[in-house]
1. Is it the case that segment 183-195 has a residue that's crowded, with 16+ Cβ neighbours inside 10 Å, part of a loop (DSSP other than H, G, I, E, B), in contact with a Phe, Trp or Tyr (Cβ under 9 Å, 6 or more places away or on another chain) and of a type in the set (S, T, N, Q)?
2. Go through Ile361, Ile342, Ile322, Ile350 for me and flag whichever is farther than 23 Å from Leu254 by Cα and assigned to a helix (DSSP H, G or I).
3. Cβ-Cβ under 7 Å, sequence separation 6+ or interchain: first residue in segment 11-39 and farther than 16 Å from Thr87 by Cα, partner charged (D, E, K, R) and within 16 Å of ligand 1 (Cβ to nearest atom). Which pairs?
4. Determine which member of the set Val10, Val31 is within 16 Å of ligand 1 (Cβ to nearest atom), under 20 Å from Ile140 (Cβ atoms) and touching a Pro at 6+ places or on another chain (Cβ under 7 Å).
5. Here are the criteria: (1) surrounded by 11 or more Cβ atoms within 10 Å (Cβ to Cβ); (2) over 22 Å from Leu354 (Cα atoms). Tell me which single one Arg411 does not satisfy.
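The values are calculated or read from the model by the stated rules, or taken from the named source; none is laboratory data. As the structure is a prediction and not an experimental result, all values here were calculated from the model. Don't worry about glycine lacking a Cβ; one is built from the backbone with ideal geometry, like all the others, and counts go over all protein chains shown.
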Amino acid sequence: MLPARVSLTVPGPVQELCATLHRAGYQAYIVGGAVRDAILGRDVQDWDVTTDCLPDEVATLFSKVIATGAKYGTVTVIIQGLAIEVTTMRQDGTYRDHRRPEEVIFSRDIRQDLARRDFTINAIAYSPLTREVIDPYKGIRDLRRKRLRTVGDPHRRFAEDGLRIMRLFRFASTLGFAPTRATLKAVQAPLLQPISRERIAAELAKLLLGSNLRSTLRSMYRYGVLEEIIPELLEGEGIGQGAMHRYDVLGHNLETAACIEPKLHLRLAALLHDVAKPRCMSTDAKGIHFYGHDVEGAALAGEILRRLRFDNKTINKVTHLIRWHMFNLHGFSSDRAIRRLISKVGQDNIHDLLLLRKADIAASATDMHQGLQAWLQLRNRVEEALAMQSAFGLRDLAIDGRDVMQLVGIRPGPQVGRILEQLLNAVLAEPSLNNREDLSRLALGLAQQAESAESVK
Ligand code: ATP
Ligand code: MG
């Protein structure tokens, strides 16, 4: 049998909040992800407390309160700098638009509040004062068995709120839990249609960082959820890529995402890096080609991520990596070629680009070992080039635009930029040229060349 009382580590401010509510005659329980993660021994991100005290009343009990969602019964209380969400216990009314319950009915019964929650592992309440655990749906057993099960009939619960389908896959990926057969069978992708893109993307972003991404993405594919949110990926279904690859284009994209480090921009770049291959496919006597899928892919990935309302910074990083993922270098390339690549993608992005390449190899090469050996050599060459601290951008040059204008006697304009670009090219080929004397001489020479070319015209 499960212990009815357990001891979980609860931060002082949360303890204090519950004690204050108790003293005022109210119930107070920690609920949701906090209880789940504390029992699992994982870091708790947010502490959520539920009480039978109404939001307006909560506001009078504490000095710092923000009315975050008072309409739905939630306020945020800040104690010693810790933000704690306090939600009044409620029972959900009927669902109107598959998204929000039509009306909020407050409740004094913790069991009613737990009944409206999505999964059994999220429907456990814990009182830090009495150390009592309320677990009517056997959530602790499911935590032990690593199982995801809806509270009540999965068909009804997913039909009430389609976002729960995304949450199901999110928990499968981040916790490594398996949905029960009945829960999985109730997944119907069209239920996601009324859900806002932002909320889907927020769950997708969390899901992508999970350690169990491989099997989660496969299951999202199998149940039509992937097609519902990123239909473009499905274009790669059944498209082979020749003898060098183990997967079709779709499988390769999913596998690359699973192989790369869990950072959002990297996982998105990996997931979408070959998304445009099917649209760029051609065949000739030499076999199958995907010319231009890097440029096309960057554009298509941008479209997808904008549609999902990802932020611009993430979109820019992802599309930049996809744009340059086809670089053709190896451990024996010239120093100059290596420096040119660093210059082109930028010092800030070169490591990410190498990680994308590594995942790309791990997810495709039939001879992965050899591929990874070659990758290591290339990475070492890039590290060497970076360690030389030569110039990779215009800003690193020993002279700047003002110097060029003075030396050559020209006004601001496109010619200054052209000369600087040419100087950078020269320095990428020969880093020892990056000093004032050599660059001044070169700049003068370039200006003269340009002048004589003008006069010939
Ligand atoms: P985390 O905070 O780690 O992302 P969480 O489980 O706490 O995970 P929240 O979105 O903070 O997720 O929600 C808090 C709790 O509210 C959940 O644990 C669950 O009990 C309930 N909940 C959240 N979203 C839903 C939903 N769509 N349907 C039913 N219950 C939900
Ligand atoms: Mg939470």
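1. yes
2. Ile342
3. Taking only residues 6 or more apart or on different chains, the pairs are Asp37/Asp43.
4. Numbers: Val31 fails: touching a Pro at 6+ places or on another chain (Cβ under 7 Å).
Just a single option satisfies the conditions, and that option is Val10.
5. (1)
Per-residue answers, yes or no, for (1) assigned by TED's automatic domain parsing to the domain that holds Met326; (2) crowded, with 20+ Cβ neighbours inside 10 Å; (3) without any contact (Cβ under 8 Å) to a residue 60 or more places away in the chain:
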| residue | (1), (2), (3) |
| --- | --- |
| Leu209 | no, no, yes |
| Asn212 | no, no, yes |
| Met220 | no, yes, yes |
| Glu237 | no, no, yes |
| Ala270 | yes, yes, no |
